[in-house]
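Following: one structure in structure tokens, then a few remarks.
Computed from the coordinates by the stated procedures, all read-outs in this text should not be read as laboratory data. What you see is a predicted model, and the numbers here were worked out from it, not measured in a lab. Glycine also receives a Cβ, built like all others from the backbone with ideal geometry; neighbour counts cover every protein chain displayed.
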Amino acid sequence: MDSHDPRRSILVLHGPNLNLLGTREPAIYGTQTLAAIDQELTQTAATHGFALHCAQSNHEGVLIDWLHQAVARHAGVVINPGGLTHTSVALRDAISAIALPTIEVHLSNTSAREEFRHRSITGAACVGRIEGFGADSYRLAVIQLARMLTLAAQRQSA
């Protein structure tokens, strides 16, 4: 399959304020920039036979639009909704509506932070959550999603 095959493509969405990685609260979020994370994720996905498209927005509606478009373009999604994790029913509904396997990620361990961060509205619509491992949370999610998609494709072709 070529690299433009939607069955071999993963979308990574970064939510609000993640464009500030590298300078934003480095004790919590680390010093790695979003561009560096995206570059590593692209290499990780390629190692597992997947193309990767990464996008970041500070706007809830833009993230929802990208999720809607993902149905025709990608086999699965990795999403870090940022602060929208705890507040956005609309983003949760969009994840549910697209019916693509989606993994939620967070750089920090949200359960060890402020009480309002302990509840994920969006996570309930995802197949899983990976958090607390810094940028490796994303890498682990891409690897797991690639494995899930590969197994599903093998089952379909059997």
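Structure above, values below:
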{"read-out": "Scan of the range 123-137 for residues that are touching an Asp or Glu at 6+ places or on another chain (Cβ under 8 Å), part of a helix (DSSP H, G or I) and either of a type in the set (D, E, K, R) or closer than 24 Å to residue 22 by Cβ (or both), ordered by number", "value": "137"}
{"read-out": "Boolean, residue 28 is β-branched (Val, Ile, Thr) and either surrounded by 13 or more Cβ atoms within 10 Å (Cβ to Cβ) or closer than 24 Å to residue 98 by Cα (or both)", "value": "no"}
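Table: residues versus (1) without any contact (Cβ under 8 Å) to a residue 60 or more places away in the chain; (2) in contact with a helix residue (DSSP H, G or I) (Cβ under 9 Å, 6 or more places away or on another chain); (3) farther than 23 Å from residue 122 by Cβ.
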position	(1), (2), (3)
10	no, yes, no
22	yes, yes, yes
31	yes, no, yes
37	no, yes, no
40	no, yes, yes
46	yes, no, yes
53	yes, yes, no
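Here's the yes/no breakdown for (1) in a helix (DSSP H, G or I); (2) without any contact (Cβ under 8 Å) to a residue 12 or more places away in the chain; (3) over 14 Å from the mean Cα position of the chain (by Cα):
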residue	(1), (2), (3)
69	yes, yes, yes
84	yes, no, no
92	yes, no, no
97	yes, no, yes
103	no, no, no
145	yes, no, no
149	yes, no, yes
